[in-house]
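The values are calculated or read from the model by the stated rules, or taken from the named source; none is laboratory data. Everything quoted here is computed from the prediction, not taken from an experiment. For neighbour counting, all protein chains shown are included, and Cβ atoms are generated from backbone atoms with ideal geometry for every residue, glycine included.
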Amino acid sequence: MRKWLPLYAACLGTLMLLIDVTIVNVALPDMTVDLGAGLSGLQWIVDGYALALAALLLAMGSVADRIGAKPVYLAGLTLFALASLACGMAGGTGILIVARVLQGVGGAAMFATTLSLLHATYTGRDRGIAFGAWGAVGGAAAALGVVLGGVLTDLLSWRWIFYVNLPVAALTIALSVLAFPASQRLPGRGSDLPGMLSFTTAATGLTFGIIRGGEDGWGDGLALAALLLGAGALAVFAVIESRTAAPMFPLALLRNRTFSATLFGASGQTFAAFAASPLISLWLQQQLNLSPLHTGLAMLPMAITAFVVAGATGRILHDAAPAWTIGAGLIVIGAGAGLLTLIGPESSWTALIPGFVVIGAGAGVNAPALVSTSMAAVPPQQAGIAAGAVNTARQLGLALGVAVLGTVFRGAAGDGQPLPRTDFVAGLDTALVVAGAVGIGFGAAAFALFRRAETTMTARPEPVPVD
C-alpha cells in the first residue's frame, strides 16, 4: 500500500486541477447574480484559468528541469490552494478573475510535473500501472467536475466549488512531502525566461483581443492593440526559441509532421468539444430554469460516453494509425457539435443527448491517442516536452475557443439582458455551428497531415530532430 502513496499524491493533484477546468461551468449563472458578471466577465472566469494553464505549462516544465519536479509540484499545490481560497472569498468579478489566473499558475506547475514524478518513482510494470491510473483520473475529471459543481452549488453555494479544494490540497501536500523522493536537477540547463514571457504575452494578448473585440467591436483600439501585441509576441517567441541554447519548446520539433499534426488535432479537440460548454450551461439554467445539479447531470452523457468508448476501444485502437484515431475522431467530434444545433426555442435538455453522445464517442477515440502519439513521434529524451506541448495545445484551444464562441454568440444573440429564448437559441446555435466547423475542418486537415507523414515514412524514414 505504501508504494502507491506517490501515485495517490499525483492523482489527487491532477484530479483537482482538471476538475477546476469544468467545475465552474454550472456555477456561472449563480456568479452572474451574486457578482453582477456580464458575459465577458464569465468568459474570463473560465478563460483566466485555462489560459494561465496553457501559457505556463511548458515554462513550468522547464523550471522543474532546473530546480526539480518535487519542489515545483509542492509550490504549485500551495499556490493553487491559496488561490482557491481567494476565489471562494471574492467579492467582485475582477478579484475572482485574478484569483482564477493564480489558480491556473499553480495548476500549470502541478500538471507539468506529475508525470515526471511518477516516472522517477516507479519502474517496470509499476510504472505502467501508475501511468494508466493517472490517465484514467484525467479522463474522469470532466465528468466529476460538472456533477460536483452542480452538487456544491445546489446544496451550499458556488463559493464551495473552490473551498472544496482546500482539504484536498492539504492532504495532497502532506502525501507529496512524505512519498516523493528528492527530485533530480539539471543545473546546467538554463531557464528560458524570454521564451516564457513572450509565449504568455502572445496567448494573453490574442485571447483578450478576441473577447474585447466581441464585446466592444473590432474597431476598438484596445482590442486591436491586444491582437497586434499577441501576434507580435508570437513572432518574437519563434525567434527566441530558434536562437536560444535551451529553448522551452524546440521549434525543430515542428518539422516532424506527425508531431505537428498531433498539436493541430489537440487544439481543435478542446475547441470543438468543450468551448461551448459555458454557453450550454447558461441555456440550461437561464432559459430552461434547471438547477445547477440538474444542469451537471444533463451535461454528463458526453463524459460518460467518452469514458466508455475509451475503455472499450483502447486495446483495439492502440496500434491504429493516428489519421483515424486523432483526425477522424476529431471529425466525429465536429459532427457531434453540429448535432447540438438541434436545440430550438421549444427544446428541452434532451435535445443535447444526440450531440453529446457523438462528441463523447469522438473524444473517447481521440483523446487517449493525443499524448501517446506525440510522445512516440519524438526521441525519448523529448517525451516530456512533447506531452507538455500537447497539453498546452489542448488548454490553449479551450481558452481561444471560449473567447471565439462567446464573441460569435454575442454577435448573433445581441447584448440584451435577459435575452429572449429565441435570441439566446439563435446565438447558441450559431456558436455551435462554428464549433462543429472547427472540429470537422481541423479533423480533415489533421487526417491529411497524418496520411502525408505516413506516406513520407513509408518512402523514406523521416529524420527526427534532436536538440
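Go through LEU102, LEU77 for me and flag whichever is within 18 Å of GLN395 (Cβ to Cβ) and in a helix (DSSP H, G or I). I'd like the intermediate steps shown before the answer.
Working: LEU77 fails: within 18 Å of GLN395 (Cβ to Cβ).
Only one candidate qualifies: LEU102.
Being of a type in the set (S, T, N, Q), in a helix (DSSP H, G or I), closer than 27 Å to GLN285 by Cα and assigned by TED's automatic domain parsing to the domain that holds THR341 narrows it down to one of THR407, THR392, THR373, so name that one.
THR407
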message: Take the conditions over 28 Å from LEU428 (Cα atoms), in a helix (DSSP H, G or I) and in contact (Cβ under 8 Å) with a residue 24 or more places away in the chain and apply them to LEU234. Does it pass?
response: yes
- request: Please specify each residue of segment 342-357 satisfying the condition of being touching a residue at least 40 places away in the same chain (Cβ under 8 Å) and either of a type in the set (A, V, I, L, M) or surrounded by fewer than 21 Cβ atoms within 10 Å (Cβ to Cβ) (or both).
  value: ILE343, GLY344, PRO345, SER347, SER348, TRP349, LEU352, ILE353, VAL357
message: For a quick check of your reading of the model, give me the residue pairs whose first member lies in segment 143-165 and is polar (S, T, N, Q), whose second is in a helix (DSSP H, G or I) and modelled with pLDDT of 90 or more, with beta-carbon atoms closer than 8 Å and at least 6 apart or on different chains.
response: THR153/TRP160; THR153/ILE161; ASN165/PHE80; ASN165/ALA81; ASN165/SER84
message: I want to confirm something. Restricting to segment 400-413 and keeping residues that are more than 16 Å from PHE442 (Cβ to Cβ) and in contact (Cβ under 8 Å) with a residue 40 or more places away in the chain, which single residue is surrounded by the fewest Cβ atoms within 10 Å (Cβ to Cβ)?
response: GLY411
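Taking segment 48-71 as the search range and keeping residues that are more than 27 Å from LEU400 (Cα to Cα) and of a type outside the set (Gly, Ala, Ser), which one is modelled with the highest pLDDT? Reasoning before the result, please.
Taking segment 48-71 first, the residues more than 27 Å from LEU400 (Cα to Cα) are 65-71.
Now drop any that are not of a type outside the set (Gly, Ala, Ser), which leaves 65-67, 70-71.
Numbers: ASP65: 71, ARG66: 74, ILE67: 79, LYS70: 86, PRO71: 89.
The qualifying residue modelled with the highest pLDDT is PRO71.
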message: Please determine whether any residue of segment 440-460 is at pLDDT 85 or above and either touching a His at 6+ places or on another chain (Cβ under 9 Å) or not in a helix (DSSP H, G or I) (or both).
response: no
task: Report the residue count in segment 219-231 for those that are surrounded by 14 or more Cβ atoms within 10 Å (Cβ to Cβ) and either part of a loop (DSSP other than H, G, I, E, B) or not assigned by TED's automatic domain parsing to the domain that holds PHE199 (or both).
output: 1
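Only one of THR305, THR262, THR258, THR270 is closer than 17 Å to THR207 by Cα, of a type outside the set (Lys, Arg) and either out of contact with any helix residue (DSSP H, G or I) (no Cβ under 8 Å at 6 or more places or on another chain) or part of a helix (DSSP H, G or I) (or both). Can you tell me which?
Details: THR305 fails: closer than 17 Å to THR207 by Cα; THR262 fails: closer than 17 Å to THR207 by Cα; THR258 fails: closer than 17 Å to THR207 by Cα.
When all the criteria are applied, what remains is THR270.
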- request: Run ALA54 past the list (1) buried (at least 24 other Cβ atoms within 10 Å of the Cβ); (2) outside any helix (DSSP H, G or I); (3) of a type outside the set (Val, Ile, Thr) and report the number of the one that doesn't hold.
  value: (2)
statement: By residue number, the members of segment 328-346 that are out of contact with any Phe, Trp or Tyr (no Cβ under 9 Å at 6 or more places or on another chain) and not in a helix (DSSP H, G or I) are GLY344, GLU346
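Hey, any hits in segment 74-82 for a residue that's within 17 Å of PHE162 (Cα to Cα), surrounded by fewer than 19 Cβ atoms within 10 Å (Cβ to Cβ) and touching a residue at least 60 places away in the same chain (Cβ under 8 Å)?
First, pick out the residues of segment 74-82 that are within 17 Å of PHE162 (Cα to Cα): 76-82.
Checking which are surrounded by fewer than 19 Cβ atoms within 10 Å (Cβ to Cβ) leaves us with 78, 82.
Next, from what is left, pick out any that are touching a residue at least 60 places away in the same chain (Cβ under 8 Å): 78.
Yes, there is a match, as at least one residue in segment 74-82 is within 17 Å of PHE162 (Cα to Cα), surrounded by fewer than 19 Cβ atoms within 10 Å (Cβ to Cβ) and touching a residue at least 60 places away in the same chain (Cβ under 8 Å).
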- prompt: Which one of these does THR204 not meet: (1) modelled with pLDDT of 85 or more; (2) within 18 Å of LEU102 (Cβ to Cβ)?
  reply: (1)
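Working only within segment 2-33, note down all residues that are aromatic (Phe, Trp, Tyr) and either at pLDDT 85 or above or farther than 23 Å from ILE173 by Cβ (or both). Even if it seems obvious, please write down each step before you answer.
In the first step, residues of segment 2-33 are kept if they are aromatic (Phe, Trp, Tyr); the result is 4, 8.
Matches in segment 2-33: TYR8 only.
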Meets criteria (in a helix (DSSP H, G or I) and farther than 23 Å from THR114 by Cα) for LEU206: yes
message: Is it the case, given these coordinates, that LEU400 is in the same structural domain as ALA273 (by TED's automatic domain parsing), outside any helix (DSSP H, G or I) and either closer than 26 Å to LEU58 by Cβ or in contact with a helix residue (DSSP H, G or I) (Cβ under 7 Å, 6 or more places away or on another chain) (or both)?
response: no
